[in-house]
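Structure, as structure tokens:
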Amino acid sequence: MFHDFIGKKSEKVKNVIERGAVKKFAEAIGDPHPLFVSEEYGKKSRFKQNIAPPTFPRALDYGEIEGMNLPNKGLIHGEQIYHYERPLFVGEEIYCSTEIKNYYERKGSSGELSFLVLTRRGEDNDGKTIFTEEQVVIITEAVKKELMV
Amino acid sequence: MNALAELQIGESLQDITLSPVTRLDLIKYAGASGDYNPIHTIDKEAEKLGLPGIIAHGMWTMGNLAKLFTPYYEDYFIQDYSIRFKGMVFLDDVVTLKAELAETDEEKLTFKVKAVNQHDKDVIKGKVVLSTY
């Protein structure tokens with residue numbers, strides 16, 4: 001049902017890696033290391049500033065793909081892959097976007113499953129990639145039926 | 001000489017065992033990540049999908065697992081982090097985080113990583129590549 005969306009992208013959205021948001025996130029994953037949360041510690045580190053935890057991009061805005069309405073209920077997260085060119089710095093402005101990389105359906109023992117592969121990207125001001133992300137989302141037959149109504 | 005340079009292939013970092021999962025842990029993660037899928041916070045919504053109760057966000061577990069490497073950021077950063085979600089984490093589950101060195105080259109260390117529950121069942125599994133910055 002999402003075959004037509006393969007290759008579709010969102011517009012880039014500007015995100016600021018906010019200090020407070022990084023702190024809240026680091027606390028929520030039980031990792032409030034001073035490299036993430038202490039300004040002074042960050043300055044003395046080899047990065048000369050604070051960095052964000054590697055899964056922090058979960059909290060960012062990647063924009064919408066036109067016409068693509070995924071429910072926030074009933075989806076199964078199958079896989080998640082991050083690749084970084086460098087760490088994400090607290091305070092920097094980045095541009096994020098998402099693309100539908102692939103969509104396929106498979107028959108399984110518990111009915112038909114649909115797989116949606118999304119890629120996401122974070123770029124700096126000059127358009128240089130900081131990180132890329134690939135996400136595999138599994139849609140069960142029950143959820144798919146609801147979507148088609 | 002950095003802290004991980006002595007580690008041999010097949011050796012592991014010290015495991016970290018988390019406190020039993022609470023609802024508040026998941027409410028906090030929902031707020032911090034913006035993932036408000038109610039299956040992670042509201043019992044009725046989880047039950048509607050045939051689950052015995054709410055389950056942790058897979059990304060909560062993935063986020064936690066990365067902290068095995070946080071002490072080593074003075075020498076490395078996480079270049080690649082890939083995870084397959086294998087099993088559900090329920091309230092009161094006790095999750096243990098594990099990393100074993102699988103491969104090394106001059107600039108990179110590759111670890112096999114996983115989180116297991118109190119029944120020693122994998123809940124997430126994957127790979128972390130540390131790279132010198």
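Here are a few things to note about the model shown:
- Residues being assigned to a loop (DSSP other than H, G, I, E, B), within 13 Å of chain B (Cβ to nearest Cβ) and of a type in the set (D, E, K, R) - total across region A:79-123: 2
- Of all residues in region B:13-23, none are touching a helix residue (DSSP H, G or I) at 6+ places or on another chain (Cβ under 9 Å), assigned to a helix (DSSP H, G or I) and within 9 Å of chain A (Cβ to nearest Cβ).
So that you can scan it fast, the table gives a plain yes or no per residue for (1) in contact with a His (Cβ under 8 Å, 6 or more places away or on another chain); (2) within 12 Å of another protein chain (Cβ to nearest Cβ); (3) farther than 25 Å from B:Gly10 by Cβ; (4) β-branched (Val, Ile, Thr):
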site: B:Gly53; (1), (2), (3), (4): no, no, yes, no
site: B:His57; (1), (2), (3), (4): yes, yes, yes, no
site: B:Leu68; (1), (2), (3), (4): no, yes, no, no
site: B:Met88; (1), (2), (3), (4): no, yes, yes, no
site: B:Val95; (1), (2), (3), (4): no, yes, no, yes
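- Selection of region B:24-41 for residues being surrounded by 16 or more Cβ atoms within 10 Å (Cβ to Cβ), part of a loop (DSSP other than H, G, I, E, B) and not polar (S, T, N, Q) yields only B:Asp35.
Residues are listed down the side, and each one gets a yes or a no for (1) without any contact (Cβ under 8 Å) to a residue 12 or more places away in the chain; (2) touching a Lys or Arg at 6+ places or on another chain (Cβ under 8 Å):
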residue: B:Glu47; (1), (2): yes, no
residue: B:Ile54; (1), (2): no, yes
residue: B:Asp80; (1), (2): no, yes
residue: B:Ile83; (1), (2): no, yes
residue: B:Thr104; (1), (2): no, no
residue: B:Ile124; (1), (2): no, yes
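- Selection of region B:77-116 for residues being in a loop (DSSP other than H, G, I, E, B) and more than 11 Å from the chain's Cα centre (by Cα) yields B:Lys86, B:Gly87, B:Met88, B:Val89, B:Leu91, B:Asp92, B:Asp93, B:Val94, B:Asp105, B:Glu106, B:Glu107.
- Across region A:1-25, the qualifying residues are those that are under 30 Å from A:Phe115 (Cα atoms), part of a helix (DSSP H, G or I) and not acidic (Asp, Glu), and the one among them that is modelled with the lowest pLDDT is A:His3.
- Restricting attention to region A:41-78 and to residues that are within 8 Å of chain B (Cβ to nearest Cβ) and among the β-branched types (Val, Ile, Thr), the residue that is surrounded by the fewest Cβ atoms within 10 Å (Cβ to Cβ) turns out to be A:Ile76.
- Check on B:Ile39, over 19 Å from the mean Cα position of the chain (by Cα) and of a type in the set (Val, Ile, Thr): yes
- Among the residues listed as B:Glu74, B:Glu6, the single one being modelled with pLDDT under 95, within 7 Å of another protein chain (Cβ to nearest Cβ), loosely packed, with under 14 Cβ neighbours inside 10 Å and out of contact with any Gly (no Cβ under 7 Å at 6 or more places or on another chain): B:Glu74
- Only a single criterion out of (1) within 28 Å of B:Lys44 (Cα to Cα); (2) more than 16 Å from the chain's Cα centre (by Cα); (3) among the aliphatic types (A, V, I, L, M) is not satisfied by A:Ala59, namely (2).
- Answer from A:Ile139, A:Ile100, A:Ile81 - the residue that is surrounded by 19 or more Cβ atoms within 10 Å (Cβ to Cβ) and at pLDDT 95 or above: A:Ile100
- Test: residue in region A:75-86 that is in contact with an Asp or Glu (Cβ under 6 Å, 6 or more places away or on another chain) and among the β-branched types (Val, Ile, Thr): yes
The values are calculated or read from the model by the stated rules, or taken from the named source; none is laboratory data. Because the structure is a prediction, the values reported are computed rather than measured. In this analysis, Cβ positions are derived from the backbone assuming ideal geometry, glycine residues included, and neighbour counts consider all displayed protein chains.
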